[in-house]
Amino acid sequence: MTLEYTGRLDDDTVFDTSRKSVAEETGLAEAQPEREYAPLTVEIGEEQVIEGMEEGLIGLEAGETDTLTIPPEKAYGEPSDDQIQEFETAELKEMLGGQTPEEGAYLEAQNGSQGEVVHVDDEVVRVDFNPRLAGETLTFDVEIVDVN
């Protein structure tokens, strides 16, 4: 199945889209200049998209449009304190080539997961590895381009 989509948060903020015009209107294109905006092709049943989106796409035909509202438990789950990790400030500074991490910065762990620095002091740095959209209800406007 191939589809165009625009994902929004409850406050109507667009967080993702396949449409270049929407990306340009909302500033996403400027924030991600290397990204190509194109229809998304997924194989239903292969867990290539979040659970709630896959469930919402089942049965849609080419040319149809729909709005899918996906609760956190069928998207990225709820935030978990287990996903906030503490590092010794000196140790993390050394791993970053002498740079002191700043609150709000994003770090990539060795396993590829991204975390936001949420606390820095002389002793400890806390990094939140929860998915960025954890706890959010997501709304996707979808248009089915093709069903293969």
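Observations on the structure shown:
- Panel order for Tyr37, Tyr5, by other beta carbons found within 10 Å of each beta carbon, from fewest to most: Tyr37, Tyr5.
- Simple point charges give the picture: +1 on the Cβ of Lys and Arg, -1 on the Cβ of Asp and Glu, and for the chain a dipole about the Cα centre of about 340 debye.
- Equivalent-ellipsoid semi-axes for the chain (Cα gyration tensor, √(5λ), whole Å, largest first): 35, 17, 13.
- Over all projection directions, the Cα-based convex hull of region 55-114 averages an area of 7.2 nm².
- Rg(Cα)/(2.2 N^0.38 Å) for region 81-128, N = residue count: 1.02
- Cα-centred dipole magnitude for region 81-128, charges only on beta-carbon of K, R (+1) and D, E (-1), debye, nearest 20: 220
- Note on the chain: dipole from Cβ charges, positive end direction compared against Ala62, Gly98, Phe140; the farthest Cα belongs to Ala62.
- Per-residue Cβ neighbour rank within 10 angstrom, fewest leading, Phe15, Phe87, Phe140: Phe15, Phe87, Phe140
- Subtracting the Cα-Cα distance of Asn111 and Thr67 from 0.36 nm times their residue separation leaves 12.4 nm of extension gain.
No value in this document is a laboratory result; all are computed from the given coordinates. Keep in mind that what you see is a predicted model, and the values were worked out from it rather than measured. Virtual Cβ from ideal backbone geometry, glycine too; neighbours counted across all protein chains shown.
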